[in-house]
Amino acid sequence: MTKLVTKEGLKKLKEELEDRKTKVRQSIAKDIKEAKEQGDLSENAEYSEAKRQQAENEAKVVKLEVMIKNSQVVEKNVNSNGSVEIGSDVKVKFNGNEITFHIVGASEADPANFKISNESPLGKAFLEKKKGEIAEAETPGGMIKYKVLEVI
């Protein structure tokens, strides 16, 4: 299944994959080697932990490879009609406060840093909206409305 991702998001995925294939693997291999040198592996907690970390890292490597393979880079349309799309920053007004969200693909979402997925309820509400329009999204706390002030 194709996942939409920004150019920056794909770059981060590739960097994490490279890091896990090199630095993380080397570090874990070193930990395993040191644990083996301690002797009896059947009761060696350090060895068991290093092997667990190795399995976890390898699973993440496979996951990242699949994500990268199935990613489609979406670039913000320079000739856009002024509507919100993946890669857009959207400045909105909510409860008297101005907030700027960055619309990203699902694998890049980081709500704490105002990066919201195009697949999230809020992200879906913003897509295709233009300056001056109202975006409505259903949340666990009920329906919320944002006024679009600017699409960047």
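The values are calculated or read from the model by the stated rules, or taken from the named source; none is laboratory data. These figures come from a predicted structure and were not determined experimentally. Because the Cβ atoms are built from the backbone with ideal geometry, glycine has one as well, and the counts that use them run over all protein chains shown.
A single entry from Val148, Val104 fulfils the requirement of being at pLDDT below 95, closer than 26 Å to Lys3 by Cβ and aliphatic (A, V, I, L, M): Val104.
The residue list Glu108, Glu58, Glu18, Glu8 contains one member that is under 22 Å from the mean Cα position of the chain (by Cα) and assigned by TED's automatic domain parsing to the domain that holds Lys124, which is Glu108. Looking across the range 106-133, just one residue is surrounded by fewer than 12 Cβ atoms within 10 Å (Cβ to Cβ) and assigned to a strand (DSSP E or B), and that is Asp110.
Being out of contact with any Gly (no Cβ under 7 Å at 6 or more places or on another chain), in the same structural domain as Lys30 (by TED's automatic domain parsing) and touching a residue at least 60 places away in the same chain (Cβ under 8 Å), is that true of even one residue in the range 77-85? No, that holds for no residue.
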